[in-house]
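The values are calculated or read from the model by the stated rules, or taken from the named source; none is laboratory data. Just so it is clear, the structure is predicted and the values come from calculations on it, not from any experiment. In this analysis, Cβ positions are derived from the backbone assuming ideal geometry, glycine residues included, and neighbour counts consider all displayed protein chains.
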Amino acid sequence: MSDRPFYRRAVKLAFQIIRGRHYAHAQDWWPHLAIIKPTAGSEGSILWKGSAAGSLTAAKTFLVSFHSQPIIFGSGPSLRGQDLSRVAPNRAILLNGAIKLIPDLGGVFAVVIEDERFVWRHHSEFANFRPNDTIFLLSPAVIRTLLSLDSNWCQDRTIVLLDNLKKPYGQPRRSLLDPDIADLLVLGNDAALSTNPEFGVVPVGTVAFSALQFALAAGVSRIGLAGIDLSNAHMPRFYENGDTAKSGILRAQQKILAHFALADEHAKKLGVDIVCHSPVSALRDIGIVYQQTIA
């Protein structure tokens, strides 16, 4: 059973049938969301049912504010019991359910949510989740879901658009071999990544890879990956107790690992170290260095 409500599943199916492969992703923002992307010198806008609902911060502004050694936190079981005391609030980038780490971290730099199903499953938590100093990286589908649950949710927040380079907001689907985006991509071994996430990222089935593309584009020196296990997605996440949400990570594991391997290769060329803090992570199998202490 999907975490999406039935009517949203019906909308998704209808768009696949009516709009076809090239524009089926328009369901991500239909029916009430409109986005005006930031331009040089001005913020973008989020419109809901034709009225202003919030603003969008330019990705460039977000990228220049990165800590030189960010740590990206997933929700893997390996996070249980790990010491987070050395993690400064301005280093932590939280993915999906890793928002439950906020009390332990005392604050975060950014929250990244790509899949609307997480919001549908945990929307009650978002009602009180209002840290003023946190940046939110959100996909169009996530913004639409949040506003459908609370039309004021985006007000007074710092939001950066997490767009899909293959299925961009307001445009038809395109191939990663499209010459118009060739300068934005690194390609290799049936994998790809975006070097300019202002125009979109290459999703691969885990939001960790989307967040990693932003970190690599920020010119950092080191990126830590914590709770990004990939090997045990069938098991309860560190915050779950038996009620495990569905995950397609195991099914797509080889594809995901190929993309992380490309990212690690690209990082080395940039002089960036990628470090894995999970003792059971499949990332270790592709040569990403393991470091036990999250610091």
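Among the residues of the stretch 30-73, those that are within 15 Å of Ile93 (Cβ to Cβ) and surrounded by 15 or more Cβ atoms within 10 Å (Cβ to Cβ) comprise Ala59, Phe62, Leu63, Phe66, His67, Gln69, Pro70, Ile71, Ile72, Phe73. From Ser85, Ser75, Ser42, grab the single residue that is under 20 Å from the mean Cα position of the chain (by Cα) and among the hydroxyl-bearing types (Ser, Thr, Tyr). Going through Ser85, Ser75, Ser42 in turn, just one is under 20 Å from the mean Cα position of the chain (by Cα) and among the hydroxyl-bearing types (Ser, Thr, Tyr): Ser75. The number of residues in the stretch 56-87 being hydroxyl-bearing (Ser, Thr, Tyr) and touching a strand residue (DSSP E or B) at 6+ places or on another chain (Cβ under 6 Å) comes to 1.
The condition (being closer than 23 Å to Ala58 by Cβ, of a type outside the set (S, T, N, Q) and crowded, with 17+ Cβ neighbours inside 10 Å) is satisfied by just one residue among Leu138, Leu105: Leu138.
Each residue in the stretch 261-281 was checked for being closer than 18 Å to Gln82 by Cα and not in a loop (DSSP other than H, G, I, E, B), and 2 of them qualify. Of everything in the stretch 239-295 that is of a type in the set (Asp, Glu) and under 16 Å from Ser75 (Cβ atoms), the residue that is modelled with the highest pLDDT is Glu240.
Quick grid of which residues meet (1) touching a helix residue (DSSP H, G or I) at 6+ places or on another chain (Cβ under 7 Å); (2) of a type outside the set (Asp, Glu); (3) assigned to a loop (DSSP other than H, G, I, E, B):
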residue	(1), (2), (3)
Gly107	yes, yes, yes
Arg117	no, yes, no
Trp120	yes, yes, no
Phe136	no, yes, no
Ser148	no, yes, no
Ile159	no, yes, no
Lys166	no, yes, yes
Tyr169	yes, yes, yes
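Cβ separations smaller than 8 Å between residues 6+ apart or across chains give the following pairs from the stretch 152-170 residues that are closer than 19 Å to Thr61 by Cα and crowded, with 20+ Cβ neighbours inside 10 Å to residues that are among the charged types (D, E, K, R) and at pLDDT 95 or above: Leu161/Lys37; Leu162/Glu114. Taking the listed residues Arg91, Arg21, Arg80, Arg86, the one that is more than 20 Å from Cys276 (Cβ to Cβ) and either surrounded by fewer than 16 Cβ atoms within 10 Å (Cβ to Cβ) or of a type in the set (D, E, K, R) (or both) is Arg21, with no other qualifying.
Rundown of residues vs (1) at pLDDT 95 or above; (2) at positive phi; (3) assigned to a helix (DSSP H, G or I), yes/no style:
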{"position": "Ala26", "(1), (2), (3)": "yes, no, yes"}
{"position": "Pro31", "(1), (2), (3)": "yes, no, no"}
{"position": "Ala34", "(1), (2), (3)": "yes, no, no"}
{"position": "Ser45", "(1), (2), (3)": "yes, no, no"}
{"position": "Ala53", "(1), (2), (3)": "yes, no, no"}
{"position": "Lys60", "(1), (2), (3)": "no, no, yes"}
{"position": "Gln82", "(1), (2), (3)": "no, no, no"}
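With the structure loaded, tell me whether His122 is surrounded by fewer than 19 Cβ atoms within 10 Å (Cβ to Cβ), in contact with a Gly (Cβ under 8 Å, 6 or more places away or on another chain), touching a residue at least 24 places away in the same chain (Cβ under 8 Å) and not hydroxyl-bearing (Ser, Thr, Tyr) or whether it fails that test. For His122, the condition - surrounded by fewer than 19 Cβ atoms within 10 Å (Cβ to Cβ), in contact with a Gly (Cβ under 8 Å, 6 or more places away or on another chain), touching a residue at least 24 places away in the same chain (Cβ under 8 Å) and not hydroxyl-bearing (Ser, Thr, Tyr) - is met.
Could you please let me know if Gly227 is in contact with a Phe, Trp or Tyr (Cβ under 6 Å, 6 or more places away or on another chain) and either within 19 Å of Ile294 (Cα to Cα) or modelled with pLDDT of 95 or more (or both)? Here the answer is yes, as Gly227 does meet what is asked.
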